[in-house]
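Here is the structure we will look at, set down as structure tokens.
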């Protein structure tokens, strides 16, 4: 049966939403509308998501005029409960049918697993869509945002005050009211270039607002900005590096984008390039301009929220603002150079890192101590050790500079610049910058050994310190970005391939916290180890390692990150080879039979009763003697060689005999072997078919 369909338009008009929240909010609105229509069995077509800083909107094509009729079969009590001994309907049967809007005359029986049950068939007539769409009020008020506010005397907490609502089904206005705002078919164009307009049909929405200088499609605004930037590039022979995050933000700051350029005095180019770019991007949301060779020019590109009229006035206004910003930057840069590194370090004695942990100067001491421990595990020259320790003891000095105070994102970068100016070795200066790396999950890793060592020491100290006072991340709460820092440690260790005992490294970082720790070292270590295990799990999953193999290798002691990755990769590669299943089953058999064996391990070859015991013992001794000179691939091959001695042992030997001495001797042999096997992976966790 053909059903009439109409388009649905829902628009929430708001005061300006922060750019970073616009897209998520619009997509959430679309998801909620989709869920409502789906749950209410209302057919619909394509969904369009629209958004600007002042509106969130969804247009749904071809929404059915009524719900689908439902036909369902409802199961009731068993037949023996529904009928009494005389074959009459019981109260249970009558109550069931009454609850379903039926009578006992509608009952029929169906057999399920050998038992007959009462059933009735129901036909539920679909309601008119207009009646159901009243629930869009709950869709609107149910949206969640990272930050909310209240206004006037309303109880509703929302991203920004609601100023108008369009709720149209076809040409009909839905009777919705929120915070004294009644839904209508009226919307508003650009704040300065548009006016109030009436939307008679949802399909008019996009075109009607474009006539009022509002581009409601985010992707179209973004494309328009890029197109205009490329036009300028071609006209001026410029190269404009496009920061995707900045482009997204600017696209969500405007309703009608017009690109223009401005300039500033060339003498400001004497500032470090990072300072210029940060000033333009972070403070003004400008795109920096370079020539075709990549050299920064004294121009910028900005995006106006409006048309191309009076652009010269807009340009002059932006130039005035950027000039003032750059004058400040010059002042900061010159003043900071008057501050010696030693004076800066002394200032850190009064800068509190955390009120329960201490100052930044104390943190520097811990970073240096932990860096020294890491260096002792590495084959590096004496000169490299000196450079690394110098970087460790001064790596935070730029935190007291005026430039970093104004632009916190330049920490490390300015440290490198100022360190070079003050005559520090270039390697030391670079390590100061690199010790903040990686700055995000996909961020650049330290290139130098010194930078990598100090970065690991800094991050481990942060994690150990915060854990030691009991502030462990939970759920989505991670105010100190400990997950990101732990991921950084794992990424650096994996990238460098250093043979550093990871367990010992964690314990050393915890020792540094003894002066302020509120917990014992064992508790902190247990929590930190579990915390890092999740980071390892994520790292291996990103490398495409199968989940059961990831779990298996993480169940083994973690010696170093390099070998952990190699073991997982070996098992993941070998899983498709012939004989893998048999190898895993043999090794798992040893692990499984000794899981509950708690006795002290004492192997007496004199108690062996058959040749297979002696052969397995000999195989164990050989493997034990070779194990600590092997890499993970050789380790795996040693384990594979155990398959035949293990199978022959179990074929010829009963382990759980009545004689306690013989039984414990055999379990001791198997437990010793299990410990060696478990050092590679918990093979019993690997799924084989």
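Computed from the coordinates by the stated procedures, all read-outs in this text should not be read as laboratory data. Since the structure is predicted, the reported quantities are computational estimates derived from the model, not experimental observations. A quick note on method: Cβ atoms are made from the backbone with ideal geometry, for glycine too, and the neighbour counts reach across all protein chains shown.
How high is the relative contact order of the range 576-685, in percent, with contacts defined as C-alpha pairs under 8 Å that are six or more residues apart? Relative CO of the range 576-685 lands at 53 percent. Show log10 I(q)/I(0) for the range 341-414 at q = 0.20 Å⁻¹, two decimals, from a solvent-free Debye sum over equal Cα scatterers. The Cα Debye sum returns log10 ratios of -0.88.
Between residue 349 and residue 495, the contour length at 0.36 nm per residue exceeds the Cα-Cα span by 49.2 nm. So the label point goes 7 Å from the Cα of residue 131 along Cα→C-beta, right? Which residues of the range 83-110 then have their backbone N under 19 Å from it? Within reach of a label on residue 131: 100-102. Taking 0.36 nm per residue of sequence separation and removing the Cα-Cα distance, the residue 519/residue 284 pair yields an extension gain of 80.0 nm. In the calculated pair-distance distribution of the range 402-534, the portion above 22 angstrom amounts to 42 percent of the Cα-Cα pairs. How many nm is it between the label spots at residue 46 and residue 20, if each spot is 7 Å from the Cα in line with the beta carbon? That separation, rounded to one decimal, is 3.3 nm. Computed from the alpha carbon positions, the gyration tensor of the range 421-496 leads to an equivalent ellipsoid with semi-axes of 25, 14, 10 Å, biggest first. Binning the C-alpha pair distances of the range 332-380 at 5 Å intervals from 0 yields a P(r) profile of 5, 18, 17, 17, 16, 14, 9, 4, 1 %, listed from the shortest bin outward. The alpha-carbon atoms of the range 576-685, seen along their principal axes, cover 41, 27, 26 angstrom, with the largest extent given first. Modelled this way, with points 7 Å down the Cα-to-C-beta line, the labels at residue 320 and residue 195 are 3.1 nm from one another. With 0.36 nm allotted per residue and the present C-alpha distance subtracted, the residue 574-residue 688 stretch has 39.9 nm of extension available.
Helical content alone sets the calculated 222 nm signal of the chain at -14500 deg cm²/dmol, taking -39,500 (n - 2.57) per DSSP H segment of four or more residues and averaging over every residue.
Per residue, the convex hull around the alpha carbon atoms of the range 85-172 comes to 228 Å³. Across the range 218-336, counting alpha-carbon atoms alone, Rg and Dmax equal 14.1, 45 Å. Working value for the chain: equivalent-ellipsoid semi-axes of 55, 51, 22 Å, each the square root of 5 times a Cα gyration tensor eigenvalue, largest first.
Global dimensions of the range 318-451 from alpha-carbon coordinates: Rg and Dmax equal 16.0, 55 Å. Taking the Cα atoms of the range 33-127, the ratio Rg/Rh between the radius of gyration and the Kirkwood radius comes to 1.29.
Across all Cα atoms of the range 70-124, the radius of gyration (one decimal) and Dmax (whole number) stand at 10.8, 36 Å.
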